[in-house]
1. Taking residue 44 as meeting all but one of (1) modelled with pLDDT of 85 or more; (2) surrounded by 16 or more Cβ atoms within 10 Å (Cβ to Cβ); (3) assigned to a helix (DSSP H, G or I), write down the number of the exception.
2. Limited to the range 97-139, what total is found for residues that are among the β-branched types (Val, Ile, Thr) and either exposed (fewer than 13 other Cβ atoms within 10 Å of the Cβ) or out of contact with any helix residue (DSSP H, G or I) (no Cβ under 9 Å at 6 or more places or on another chain) (or both)?
3. Give the range 83-96 a look and list any residue that's in contact with a Leu (Cβ under 8 Å, 6 or more places away or on another chain), of a type outside the set (Phe, Trp, Tyr), surrounded by 15 or more Cβ atoms within 10 Å (Cβ to Cβ) and farther than 15 Å from residue 36 by Cβ, or say none.
4. Determine if the range 44-60 includes at least one residue that is touching an Asp or Glu at 6+ places or on another chain (Cβ under 9 Å) and among the small types (Gly, Ala, Ser).
5. So residue 195 fits all but one of (1) loosely packed, with under 10 Cβ neighbours inside 10 Å; (2) at pLDDT 70 or above; what number is the exception?
6. Filter the range 73-122 down to the residues that are touching a Ser or Thr at 6+ places or on another chain (Cβ under 8 Å) and of a type in the set (A, V, I, L, M), then identify the one that is nearest to residue 53 (Cα to Cα).
7. Taking the range 36-60 as the region of interest, how many residues are more than 20 Å from residue 102 (Cα to Cα) and in contact (Cβ under 8 Å) with a residue 24 or more places away in the chain?
8. Among the residues of the range 29-41, write down those that are more than 14 Å from residue 85 (Cα to Cα) and either in a helix (DSSP H, G or I) or not hydrophobic (A, V, I, L, M, F, W, C) (or both).
Amino acid sequence: MKGYTRQRWSRQKSGEKKSPDKPRLIDFFVLIVRINSFTLGGGYVIVPVMATSLEKKGWMDESEFYDLFARAQAFPGPMALNSAMLVSLKLFGIKGIPVAFLGVILPPFLALILVSGLIQRYGSLPALRRFLDGAGAVVPGLIAALIWKNSTKRSWNILRVVETAVLALLLILLPSLSLPLLLVAIVILYFIEGLCKPLK
């Protein structure tokens, strides 16, 4: 034990980077359940909370989490669920996937059953209305934080700024066509990036 402590102290003294701690499955499940139980606003809100929580626990670096989050967007389905499943796969292997699935699905499922009845009965109370309005006001800020973190990890040039601005403007002006616009834009931007690479 003393030899291990001395070796660990010498590594920390020499400046060696400490590897992330590996959690237990039950600890990971409790964390995911807690995040999905008390976070309002959907995947764009849950994802940054999940990234911060994993980093604080020492289980995964934030940069590594956002790499997995980028991959999760390639799969169909809720991004919070896909992100949690990829994180669990990274930490625990195949056995972590059902744990992440239950941790993400159970809280909203139970909350819908419970909250729907409460809102029907007490939805007109001023205190409850103020709580819901306040919770809704936090969502745009959390989404903005997620966009900012992802945008700072990308290298930008004038072409990419123009592409992003034009796409954002089209999505705002034509919300009913947002999905086809986004899919077409992904294909077009992919080819533009490919054509511009040889010119660099």
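1. (1)
2. Qualifying residue count, the range 97-139: 2.
3. Passing the criteria: 86, 90, 96.
4. So far as the range 44-60 goes, yes, one or more of its residues are touching an Asp or Glu at 6+ places or on another chain (Cβ under 9 Å) and among the small types (Gly, Ala, Ser).
5. Against the list (1) loosely packed, with under 10 Cβ neighbours inside 10 Å; (2) at pLDDT 70 or above, residue 195 comes up short only on (2).
6. Of the residues in the range 73-122, the ones touching a Ser or Thr at 6+ places or on another chain (Cβ under 8 Å) are 96-97, 99-100, 107, 111.
From what is left, the residues that are of a type in the set (A, V, I, L, M) are 97, 99-100, 111.
On the way: 97: 19, 99: 17, 100: 15, 111: 22 Å.
Per the criteria, the residue is 100.
7. Step one: filter the range 36-60 for residues more than 20 Å from residue 102 (Cα to Cα), giving 52, 55-58, 60.
This time we only want the ones that are in contact (Cβ under 8 Å) with a residue 24 or more places away in the chain, so: 57-58, 60.
Selection size over the range 36-60: 3.
8. Once the filter is applied, which keeps residues that are more than 14 Å from residue 85 (Cα to Cα) and either in a helix (DSSP H, G or I) or not hydrophobic (A, V, I, L, M, F, W, C) (or both), the range 29-41 yields 30, 34, 35, 37, 38, 39, 41.
The values are calculated or read from the model by the stated rules, or taken from the named source; none is laboratory data. Keep in mind it's a predicted model, so treat the numbers as computed, not measured. Neighbour counts are summed over all protein chains in view; Cβ atoms, including those assigned to glycine, are modelled from backbone coordinates with ideal geometry.
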